[in-house]
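The values are calculated or read from the model by the stated rules, or taken from the named source; none is laboratory data. From a predicted model like this one, the values you see are computed outputs, not experimental measurements. Heads up, the Cβs are rebuilt from the backbone with ideal geometry, glycines too, and the neighbour counts pull from every protein chain shown. These area figures cover heavy atoms from the full protein model, side chains too; ligands, DNA and RNA do not enter into them. Shrake-Rupley method; radii C 1.70, N 1.55, O 1.52, S 1.80 Å.
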Amino acid sequence: MFDEYVEHTTGVPGLGPVTHQVSQLQFEGFELSPHEVGGFVEEHEDINMSGGPDSGVVGAPIFDLGRVQYMFPAPLVSLAVCSDVLAMGLSSNVIVLIELSHSDQVIKIPIPRKATDMSIYKLFMDPSGRHIIITSSQGENWYLFRSWKKPRQLKGFKMVIESIAWNKAALMSSSNMTSTREILIGARNGTIYEALLDAEEDFFKSHERYLQSVFSLPERHPITGIKFDFFPTSDQRRALVIVTTQSRIYQFVGNSERRSEDGGRIFAGLFSNYREVAPKILELPGDLQRSELQFFTPNSDQALSLPKGMAWMTGPGIYHGSLNFAAAAEDYIDSAQLLPYPTSLTDDVPEIPLSIALTEFHFILLYKDRIAGVCNLDDKLTYEESLPLKPSEEVRGFAADPARKTYWVYTDQSLFELVVGNEDRDVWKIYLEKGEYEIALRYAKTAGHRDYVLGAQANAYFNEGRYFQAAQCYAQCSIAFEEVALKFLDAEERDSLRSYLISRLERTRKTDTTQRMMLATWLVEFYLSKCNELDDIVASESVSSDVDNLQTERTILEDDLRQFFDTYKNDLDHHTVYELIQAHGRTDMYLYYAGTIGDLERVIEHWIIEEEWLKTIESISRQTDLGLYYRFGPVLMRQAPKETVDSWLRQPSLDPLLLIPSILQFQHTVHDPLSPNHAIRYLNHVIFDQLNTSPTIHNLLITFYVPPTPAPYHKPQEDDVPLLRFLSTAPLHPITGKPYFDLDYALRLCKNSGRTQPCVHIYSKMGLWENSVDLALEKGDLELAKINADMPEDDPPLRKKLWLKIARYVVQDKQDIKTAMRFLENTDLLKIEDILPFFPDFVVIDDFKEEIAHALEGYSSHIDTLKSEMDDATQTAESIKRDIIALKTRFVTLDSAEPCSVCSHLLITRQFYVFPCRHSFHADCLIGLAKEYLPPHALRKIVALQNELMQGTPTKGVGVGPLNGADMGRSLPASTTQSQQVVVSRPLLSANFGTIGNPLQNGARAANLLGRNIISAGDRLRDLIIPDALAAVVSAPAWIPSVGAQRRQGINIDEKKIEKLRAELEDLLASSCPLCESVVVGLDKPFVKEGEVDVTWVL
């Protein structure tokens, strides 16, 4: 807007912007109103308009006039404003353009005509604010497009333009921004022209696309106002054209010829229809020389919006009405009235205004010294304000922006903006006086206003006898509850009172528990009374034709009561409602209310008293409280066992232990023997489907399978089948492998009831196989005894013993030789000789001689088989002996320069070993290499053998002489060469071990000292092994002179023992090649040891 320039701003004077905010309607609840303070107030002016959060909105002025701070360089002649674009025509033939969104940018465009040659008469601007037409008193017309720097003269327009009708629908929605589309021009000569202008620069086309006269008024009076609209909005084929002069108003209606995006002649056909037929004309005679036609369009910024009201300034007054585009007659102006001009506050004589404007609720009248507003609802003067004019300042006119709803007053020296701030402030009062309460509510500003309107509407409805509507309005206003209730009770309108109570309950705060409880309880009583009343009427008029309607009404009322219980169950006292329902005898509502509040225990008790067992079970199944299953289970199990168990099966959360009292009730009931036992059905489900492992449940099932007192129809063989099935398929404990039920208890029950097969099965479960077989034989059940005799599969002696029991029973008790012979065929454990002792002393052999002969043949065959196996074993032993002898003569040929695989010295320089893989080692090198990979247990064995050999070896030095290779080969796994080599003496490696000088002399002592830690493993054990000492004692040739001399000197050495120890030591050291074996053992070891620096990859 242009508020920066308006003096009424509350900020910094001058250019400070002002925004006029209109608060939205607020509902703060039901405050105290005049109805509660002093009864219904007749005069709405007594309503307090001040105080509260809405006082600023209610007390705000309807209109606010302010001066725009702009100095005109020349007197202002005409003003036009549309879409926030202000166009002012000065007497100096200069057009001033100001776009209100950029009010600091003022554009001045001069018309290239001298003021003496042309004077501006009027400015016309289209709704989009892009096109401006300037007309002069001399008949010259100019066209200015917004982006142009200078106007263009319309040479074909040779008339004084009084009014222009723009094609708002096309201009607001068209993508062609340069075209004015079709316009109608009202000239001073009484002629209506259709024209089209286009600002697009085209060398071959003029800006004046066409200008055509379409109609001339018969009286040739100036056309002071013209307006056209296309309707309906969905099709827009028809057009309504309204034309006014100083004393007449015309209505032209017809179909438009064509509509295109580029525009064209569309009104020629419409006006041609009125060459022979006169249009709708209304004449209001008067001597007024200046007339205006104004319209008000809601949502005028939308392209297809249609005007709602019109106002025509005439001599007698303001002719106004609403436009009805759906009218079938020729007159499209509805509710047309003539409003005489009001008198001023200081003068009783009406004065004709200079100009008028139309808002939604007011006519704004501009006079030469003041501005006034008249409400178009009640024709009362609601606003009047003097214009702050300067001396010799003359008021020119009024301009309105139809798109932005702004209003401007301009004089020859000043510009004023009339701000419509609170126009609908008192609209609700006017509609209230007219009795249009719904519209009054729509425009009520505060909750107090709304409350007042609702109170008045409620009283009006009540006085008219429209009690239900009155009840709804009373519930929304603040009239005292007692007053309203007494009104309905006095009028005997209990149904309307019920509606009022429901609405009041809906609007009562949740925190007002007492009020809500009282209202809800009273409503329950109303519902119940109405239901009983309808029951009585239905019973008394059972023959009447209205019974169906009454029954339907009763059904609807009962549904309403049920819905009321569902909605307001938390606002009701349970005991009070129960008493009310019982007092009225409404059992159905009693049960429904109990179910609604979750009091299913009361429902269940009711159905049990009524012996409605199925409904009882259904009620229990609908709820989630497991305690009701346990509480009412005993009585239901006696009366309806099948349905009760079905309900249990549908509820897997039940604890079977708590249902045992209910299950036991089934034992005391008389039931059909042909029907299944439902207690057993439930227990089987618990054990096998729910995998219950409670011994109590398992024992209870045994109890039902074996009742203490068998029924008279008891048939053991048939009754044992379910029990045996359970005993054989019962779940077993995962650790003990025994069933969860008590075997002793089950055995006792079966014995007392004479159940033989179950007893035998239980004995077998207990591992008492002999008892099970004895019991089966005692009852004469041979097959059952055979089955149990085969059960101890992992104990063949016991099985044989059990089969002997069965055999004795067959032979001695049955005394059937043939049966005994056939019995032997059933088992492989017994032979004929096993059962012969059971036969009598005097028995004829003819009955089983074939069996004896067959047994003897079998023994003979078995002896032959054993003899063959013995021969095979003898041959295998002889072959092994030959292989051992061949091993002693095996030899390997070595080169005399063969090196040791460890130290690389000549191999034959001292005792050595050769392996089949062609690796060869000195004895001490082999020992040192082998101890690195041997496991700890082998190392411990080597240390022990080393100690024993050291103790058995002479303590003095041993002479070293020529070494015979053949003798040395005797103690080696591979033969050496037959050539004799001289052994060169060298220092022993054991010299490095401390002060031990001679390993042969001090080796035993050192080993004894180190052997104390023999239990340690790994490196500690390896340190205890001395390779030089072991190499010296592994092989001690008998031909060594010193050894022989010592032996002849009487040293007693157990040579067999020493040879045995040496053999064991050689087996440990030379059992496999250490190089080959270490490769396998060291697969998991790293190439670079811990702490070792690897430099092999350094360049």
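When both residues are 6+ apart or on different chains and their Cβ atoms are under 7 Å apart, which pairs have a first residue that lies in the range 131-153 and is in contact (Cβ under 8 Å) with a residue 12 or more places away in the chain and among the hydrophobic types (A, V, I, L, M, F, W, C), and a second that is part of a strand (DSSP E or B) and open to solvent by 30 Å² or more (accessible area, probe 1.4 Å)?
So the pair list comes out as Trp142/Arg152; Trp142/Gln153.
Only one of Ala403, Ala456, Ala399 is buried (at least 16 other Cβ atoms within 10 Å of the Cβ), modelled with pLDDT of 90 or more and either in a helix (DSSP H, G or I) or among the β-branched types (Val, Ile, Thr) (or both). Can you tell me which?
One residue alone meets the criteria, Ala456.
Test Leu749 against the stated conditions and say whether it is touching a Pro at 6+ places or on another chain (Cβ under 8 Å), assigned to a helix (DSSP H, G or I), at pLDDT 80 or above and crowded, with 16+ Cβ neighbours inside 10 Å.
In short, yes.
I'd like to know if the range 226-239 contains one or more residues that are among the basic types (Lys, Arg), open to solvent by less than 20 Å² (accessible area, probe 1.4 Å) and either assigned to a strand (DSSP E or B) or over 30 Å from Asp287 (Cα atoms) (or both).
Looking for residues that are among the basic types (Lys, Arg), open to solvent by less than 20 Å² (accessible area, probe 1.4 Å) and either assigned to a strand (DSSP E or B) or over 30 Å from Asp287 (Cα atoms) (or both), one finds none in the range 226-239, hence no.
Do we find that Tyr629 is under 35 Å from the mean Cα position of the chain (by Cα) and more than 30 Å from Thr513 (Cβ to Cβ) in this structure?
Against the criterion (under 35 Å from the mean Cα position of the chain (by Cα) and more than 30 Å from Thr513 (Cβ to Cβ)), Tyr629 qualifies.
If you check Arg504 against the conditions, is it part of a helix (DSSP H, G or I) and farther than 29 Å from Glu433 by Cβ?
Answer is no for this residue.
Wholly within the range 74-142, which strands (runs of 3 or more DSSP E) include no fewer than the required count, namely at least 1 residues that are at pLDDT 95 or above and among the aromatic types (Phe, Trp, Tyr)?
Result: 120-125.
Could you tell me how many of the residues in the range 440-453 are open to solvent by 20 Å² or more (accessible area, probe 1.4 Å), in a helix (DSSP H, G or I), charged (D, E, K, R) and touching a residue at least 24 places away in the same chain (Cβ under 8 Å)?
1
Restricting the range 765-776 to residues that are surrounded by fewer than 20 Cβ atoms within 10 Å (Cβ to Cβ), in a helix (DSSP H, G or I) and of a type outside the set (D, E, K, R), which is modelled with the highest pLDDT?
My answer is Asn771.
Counting just the residues of the range 581-638 that are in contact with a Lys or Arg (Cβ under 9 Å, 6 or more places away or on another chain) and aromatic (Phe, Trp, Tyr), which one comes out surrounded by the most Cβ atoms within 10 Å (Cβ to Cβ)?
Step by step, filter the range 581-638, then rank; the result is Tyr593.
For (1) modelled with pLDDT of 85 or more; (2) closer than 30 Å to Pro1027 by Cα; (3) exposed (fewer than 10 other Cβ atoms within 10 Å of the Cβ), each residue gets a yes or a no:
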| position | (1), (2), (3) |
| --- | --- |
| Ala855 | no, no, no |
| Gly858 | no, no, no |
| Ala897 | yes, yes, yes |
| Leu906 | yes, yes, no |
| Phe912 | yes, yes, no |
| Pro916 | no, yes, no |
| His919 | yes, yes, no |
| Leu926 | yes, yes, no |
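Could you give me the residue pairs with C-beta distances under 8 Å whose first residue belongs to the range 375-390 and is buried (at least 18 other Cβ atoms within 10 Å of the Cβ), whose second residue is part of a strand (DSSP E or B) and among the acidic types (Asp, Glu) wherever it lies, and which are 6+ apart or on separate chains?
So the pair list comes out empty.
Residue-wise test of (1) open to solvent by 10 Å² or more (accessible area, probe 1.4 Å); (2) touching a Ser or Thr at 6+ places or on another chain (Cβ under 7 Å); (3) under 25 Å from Arg562 (Cα atoms); (4) not in a helix (DSSP H, G or I).
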| residue | (1), (2), (3), (4) |
| --- | --- |
| Ala460 | yes, no, no, no |
| Ala471 | no, yes, yes, no |
| Ala475 | no, yes, yes, no |
| Lys487 | yes, no, no, no |
| Gln515 | yes, yes, yes, no |
| Met518 | yes, no, yes, no |
| Glu525 | yes, no, yes, no |
| Leu528 | no, no, yes, no |
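Looking only at the range 406-426, count how many residues are acidic (Asp, Glu) and assigned to a strand (DSSP E or B).
1
Would you pick out the residues in the range 150-175 that are loosely packed, with under 15 Cβ neighbours inside 10 Å and either of a type in the set (Asp, Glu) or out of contact with any strand residue (DSSP E or B) (no Cβ under 7 Å at 6 or more places or on another chain) (or both)?
Result: Lys155, Lys158, Ser173, Ser175.
Results for (1) surrounded by fewer than 16 Cβ atoms within 10 Å (Cβ to Cβ); (2) part of a strand (DSSP E or B), shown as yes or no for each residue.
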{"site": "Val253", "(1), (2)": "no, yes"}
{"site": "Gly269", "(1), (2)": "yes, no"}
{"site": "Ser300", "(1), (2)": "no, no"}
{"site": "Ile318", "(1), (2)": "no, yes"}
{"site": "Asp347", "(1), (2)": "yes, no"}
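Consider the range 732-746. How many of its residues are part of a loop (DSSP other than H, G, I, E, B) and of a type in the set (Ser, Thr, Tyr)?
Residues meeting the conditions: 2.
Out of Gln246, Gln212, which single residue is polar (S, T, N, Q), in a strand (DSSP E or B) and over 60 Å from the mean Cα position of the chain (by Cα)?
Checking each option against the conditions leaves just Gln212.
Suppose we filter Pro739, Pro734, Pro722, Pro792 for residues that are open to solvent by 60 Å² or more (accessible area, probe 1.4 Å) and either at pLDDT below 75 or not small (Gly, Ala, Ser) (or both); which single one remains?
Pro734 is the lone residue from the list that is open to solvent by 60 Å² or more (accessible area, probe 1.4 Å) and either at pLDDT below 75 or not small (Gly, Ala, Ser) (or both).
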